[in-house]
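The values are calculated or read from the model by the stated rules, or taken from the named source; none is laboratory data. Source: prediction; values computed, not measured. Here Cβ is always computed from backbone atoms with ideal geometry, including for glycine, and neighbour counts include all displayed protein chains. Only protein heavy atoms, including side chains, enter the accessible area calculation; ligands, DNA and RNA are left aside. Shrake-Rupley method; radii C 1.70, N 1.55, O 1.52, S 1.80 Å.
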Amino acid sequence: MIEFIAVIDKGGMLYWHHAESDKLYEESINKLIMDVLAQERANINHFKHNDMVLKFRMDNEYDLLFIVIHHSIIQLAYADKLLADINASFCRNYEEFLSHKENIFLSGPEAFEDFTKQFQKLYKSNREESEKEAQVVRKPMSYQESYKSKKTVESMIISRPGEEKKKPEPPKPAAKQTPTSSPESPKPAPKRSDDEDEDLQLKRQAFLMKQMKQPKKKEPTSPPQQKKKGKDQRVWELGGSGKEAAVLDYSAPAPEGKAQENPEELRFLDEQRQYVGHSAEIKDLDYSDDEEEDDDVIEEKVTSKGGWLSQLKGLVGNKKLTATDIAPVMDKMRENLIMKNVAAEPAEKICDSVANKLEGKVLGTFARINNEVKEAMRESLTHLLTPKRRIDILRDILQSKSEKRPYVVVFCGVNGVGKSTNLAKITFWLNENGHKVLIAAGDTFRAGAVEQLRTHTKHLNALHPNSVKLYEQGYGKDPAGLAAAAVEIAKEAAMDVVLVDTAGRMQDNDGLMRALAKLIHVNKPDLTLFVGEALVGNEAVDQLVKFNQALANHTPPGEQPRLIDGMVLTKFDTIDDKVGAAVSMTYITGQPIIFVGCGQTYRDLRSLNVSSVVAALLK
């Protein structure tokens with residue numbers, strides 16, 4: 001439905017208009033003139049503004065602008081044709097006025113009032129014509145109109161074997177005999193008939209068949225060559241030789257009454273059994289290099305030329321430190337933190353905190369300045385990394401058991417950070433503390449996700465018999481419904497904990513984030529853990545902010561949003577001293593890092609040691 005239509009002079013004078021309401025859309029028309037017409041963007045014929053579409057047509061002969069405005073949700077197929085008809089009709093009816101524009105200024109827009117009736121006729125005819133075209137049903141093509149009817153019997157005959165189909169050539173005109181031709185000139189060879197060609201073809205086929213039946217002559221065999229004596233080729237471990245290939249081939253059926261055993265699996269389980277009964281307590285993460293350095297060596301590194309404390313050497317003296325004096329030091333400190341994988345925002349906050357503590361102090365010797373700066377930075381980092389609340393999972397599990405319900409934990413995060421692997425490590429830790437665990441295979445999207453959890457369940461039950469169960473529904477199922485069913489089964493089976501694995505998802509995928517919010521809203525877990533890897537820097541900030549934002553946005557109205565309750569930091573053994581991801585994650589959420597994954601065995605689970613992380617950042 002058209003909301004507004006107008007004829008405007010290029011100078012801005014309104015000649016005629018028709019509106020469905022009192023609104024004249026001055027703002028939209030002015031925006032069209034400024035952004036399109038004034039910039040001479042002649043390659044477009046429509047413009048969107050405030051949920052409205054402005055279609056326009058220029059008439060360069062009389063310098064007129066014809067505009068039609070309608071809602072953007074409506075598709076007017078006849079708008080362009082209506083504009084063309086109005087343009088032609090308006091210019092034809094008022095040619096005299098438009099040729100002498102001084103008459104328009106004298107009479108004003110009232111001279112064009114009678115065009116409304118003409119517009120109604122054009123509007124009605126165009127709309128009816130468009131409706132008729134929409135109702136026309138395209139008839140199927142008749143057989144006589146189809147390509148198949150053009151085929152003839154002759155065109156469908158298959159040629160004989162060995163004979164190519166040739167297009168009929170037009171008959172050549174007979175050569176005229178000249179009186180000069182001699183009687184001894186050679187006569188052309190007579191053409192063979194079709195029967196003779198067929199006989200010749202059959203003879204050729206018979207000859208070929210005879211040749212094929214004759215036995216081939218055996219070639220004399222050469223005497224077997226003796227192998228050269230020399231050094232045998234080295235066989236690398238798991239290098240793909242025949243022996244290794246036989247070991248790794250599990251496709252052969254197992255003997256009757258005996259399950260097939262994987263030697264690598266048995267070796268892994270034997271290695272894990274030594275940790276059973278000794279991993280009930282999670283140790284603090286102790287950061288240290290393979291080769292520990294003296295404090296004096298570290299001191300020399302940070303204060304030497306290029307070190308982040310080297311800027312302090314120029315501040316020695318009995319004067320108050322000003323913001324100008326501290327600025328170069330803070331710049332170097334910020335650069336050092338970012339190099340340690342701290343995101344830009346928390347690095348800025350740490351530097352501001354240190355600068356506020358130093359500004360106005362009177363420091364004498366360089367040693368005193370050095371100690372003051374390091375102490376101020378240590379305090380800021382410790383304050384930032386210390387969580388606002390403490391989560392004691394074992395205590396909370398006992399509380400849930402007293403309420404006769406399982407303790408539910410949901411794991412979420414982006415792709416490839418190690419959710420399933422660290423879920424298995426946490427399961428082993430819970431088994432060590434005497435709790436039975438039900439794993440819900442909520443990753444119904446990634447190929448191999450369910451099979452991965454089956455393998456972990458098998459290994460964990462081999463270490464702690466009948467302590468772990470896996471609930472799965474295969475692939476393509478609703479994770480929220482699967483988790484709800486797993487919680488009900490855990491109640492019936494008297495399981496202590498339900499750990500819900502979910503599919504990895506990028507923080508920008510709105511559909512998958514909506515599904516995660518649904519899973520958390522439906523099942524109301526006791527703990528929602530975000531699994532992130534220690535290798536990221538600024539990306540950690542983006543991930544956590546958007547995960548929390550999506551969970552809040554997709555919470556039903558009137559209910560308290562359920563956000564991230566804590567973090568699991570993985571791959572901590574791969575980052576050397578670049579421990580900044582721990583700072584970034586804690587800064588964004590204000591929630592604690594509960595677990596740190598730092599190895600490949602089930603016992604490689606640690607709790608975050610704040611002092612170790614601070615020491616690595618100050619190095």
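Structural remarks
- For the range 549-619, size of Cβ-based charge dipole, Lys and Arg +1, Asp and Glu -1, in debye: 100
- Note: relative contact order over the range 539-619, using C-alpha pairs below 8 Å and six or more positions apart, is 29 percent.
- Solvent-accessible ranking of R606, R92, largest area first, probe 1.4 Å: R92, R606
- For the range 116-127, the Karplus equation 6.51 cos²θ - 1.76 cosθ + 1.60, evaluated at θ = phi - 60°, returns couplings of 4, 5, 5, 4, 4, 5, 5, 4, 5, 5, 5, 5 Hz by residue, with Gly and Pro reported as x.
- Highest average packing first - 539-552, 67-80, Cβ atoms within 10 Å: 539-552, 67-80
- Efficiency of FRET from Cβ geometry, S142 and D114, R₀ 45 Å, rounded to 0.05: 0.35
- Of the peptides 483-493, 609-619, 13-23, the order by per-residue mean of other Cβ atoms within 10 Å, starting with the highest, comes out as 609-619, 483-493, 13-23.
- Phi-based couplings in Hz for the range 574-587 (Karplus 6.51, -1.76, 1.60; Gly and Pro marked x): 10, 10, 6, 9, 8, 9, x, 4, 4, 5, 4, 5, 5, 5
- When you restrict to C-alpha pairs under 8 Å that are six or more residues apart and normalise by the size of the range 407-520, the relative contact order lands at 42 percent.
- Between D396 and N461, the modelled label-to-label distance comes to 2.8 nm, taking each label 7 Å out from Cα in the direction of the beta carbon.
- Spin-label model distance (nm) - A447 vs T386, 7 Å beyond Cα toward Cβ: 5.1
- Cα gyration tensor category, rounded, prolate or oblate, for the range 468-606 with a/c compared to 1.5: oblate
- Nonlocal amide H pairs with H70, under 5 Å, H built at 1.01 Å: E3, V53, K55
- Packing here is the average count of other Cβ atoms within 10 Å per residue, and on that basis the peptides 573-579, 81-87, highest first, run 81-87, 573-579.
- Distant-in-sequence amide H partners of V408 (H built 1.01 Å from N, under 5 Å): V498, D526, L527
- Residues whose placed amide H lies under 5 Å from that of D284, excluding near-sequence neighbours: S607
- Between the range 45-124 and the range 324-349, the alpha-carbon center distance in angstrom: 62
- Here K524 and A344 are evaluated by their C-beta separation; at R0 = 51 Å the FRET efficiency comes out at 0.90.
- Chain lengthening between K23 and N553 when straightened (0.36 nm per residue, less Cα-Cα): 187.3 nm
- Straightening the chain between D284 and Q600 buys 112.0 nm, computed as 0.36 nm per residue apart minus the Cα-Cα spacing.
- Rounded to whole numbers, the Karplus 3J(HN,Hα) couplings from phi for the range 265-274 are 5, 5, 5, 5, 5, 4, 5, 6, 5, 5 Hz, using 6.51 cos²θ - 1.76 cosθ + 1.60 with θ = phi - 60°, and x at Gly and Pro.
- Pairwise FRET efficiency - E375 versus T324, Cβ, R0 = 35 Å, nearest 0.05: 0.95
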